[in-house]
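The values are calculated or read from the model by the stated rules, or taken from the named source; none is laboratory data. None of these values were measured; they are calculated from a predicted model. Here the Cβ positions follow ideal geometry from the backbone for every residue, glycine too, while neighbour counts run over all protein chains shown.
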Amino acid sequence: MRILTIINGEYGHRHVANLQQHAPKSWQIEIWEAPKLFPPVIDYPEDHLPESLPPCDLILSFAEHRGMAELLPDIAQMTGARSVLVAVDDETWLPRGLGRQLIGWLERIGVTCVTPKPLCSLTETDYGITRRDRVQYEDANIAAFAHYFGKPTFQVEVDPETRTISAVEVKRDAVCGCARHVAANLIGISVDDAEEKAGLLHHHFPCLASMTKLNDFNHDTLMHESGHVLKDNIGEQIKPYKKIRYISPGKRSDSN
């Protein structure tokens, strides 16, 4: 698969570095360093584009400016891409209304576009746009990408005698590489502490998603939402090994 990544800041650099290190060898990953600033209204997209871009199947936009949305239809036509993924780890990069417009613009030229919010909500069949709402999609290129990168998925092994984590395999990494970082540092951790530890590791990586509180995420932030996605996957697997604490009024808690 031929991939064009669009970056214009540290956020994109980290994501591309992880892809270059861990993507399948058959993938061809090209980089376009886009302008950092755009005017409020882009009348002539060609003024902000290079003379040429390499042909590709999938465009990954890690750009940190809403102006990139107005350029993506032209970039898709320049490169022949049939699939576009726009990372929304900050709502200002692609406000919801502009995101709907972008999907429509690309749809009219036969290009599929997905806008996962946060980026690590992406799976092979759908992606998140709020805490509760997910959007289904059908696209072979995006699904092939999401097989390896998107919503973190682990295979956790627990020593039943010590109730500590003995092995963690990353089945699907976050695009930024956070899942690999968390997995490498959970070995030997008690199952009772594993979710809290995973959350701390996620924050200290550090996650680069926005810390702005959003109404459609119950006044929580995309960084915290990203952490919940990761911790939930680990929590489900270690649940059978955790101690259950019972608390009765006026009594000390007992463990089972």
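In table form, for the structure just shown:
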item	result
Residue within the range 156-175 that is surrounded by fewer than 20 Cβ atoms within 10 Å (Cβ to Cβ), outside any loop (DSSP other than H, G, I, E, B) and among the small types (G, A, S) present	yes
Test for I142: is it of a type outside the set (G, A, S), touching a residue at least 40 places away in the same chain (Cβ under 8 Å) and either outside any helix (DSSP H, G or I) or outside the structural domain of A63 (by TED's automatic domain parsing) (or both)	no
Scan of the range 42-69 for residues that are among the hydroxyl-bearing types (S, T, Y) and surrounded by 14 or more Cβ atoms within 10 Å (Cβ to Cβ), ordered by number	S61
Subset of the range 54-91 (residues that are assigned to a loop (DSSP other than H, G, I, E, B), of a type outside the set (D, E), in contact (Cβ under 8 Å) with a residue 60 or more places away in the chain and more than 19 Å from K117 (Cβ to Cβ))	A81
Filter pass, Q155 being without any contact (Cβ under 8 Å) to a residue 40 or more places away in the chain and not basic (K, R)	no
Single condition L94 does not satisfy, out of (1) part of a loop (DSSP other than H, G, I, E, B); (2) in contact (Cβ under 8 Å) with a residue 40 or more places away in the chain; (3) surrounded by 18 or more Cβ atoms within 10 Å (Cβ to Cβ)	(2)
Within the range 110-164, tally of residues that are closer than 26 Å to L186 by Cα and among the hydroxyl-bearing types (S, T, Y)	6
Which listed residue, of A143, A183, A167, A174, is of a type in the set (G, A, S), closer than 26 Å to A194 by Cβ and within 16 Å of the chain's Cα centre (by Cα)	A174
Criterion (in the same structural domain as I7 (by TED's automatic domain parsing) and over 16 Å from A87 (Cβ atoms)) met by exactly one of R180, R163, R134	R134
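Conditions (1) in a helix (DSSP H, G or I); (2) of a type outside the set (A, V, I, L, M, F, W, C); (3) free of Cβ contacts under 8 Å to residues at least 24 places away in the same chain; (4) in the same structural domain as V175 (by TED's automatic domain parsing), marked per residue:
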residue: G12; (1), (2), (3), (4): yes, yes, no, no
residue: H15; (1), (2), (3), (4): yes, yes, no, no
residue: N18; (1), (2), (3), (4): yes, yes, no, no
residue: P39; (1), (2), (3), (4): no, yes, no, no
residue: I42; (1), (2), (3), (4): no, no, no, no
residue: S52; (1), (2), (3), (4): no, yes, no, no
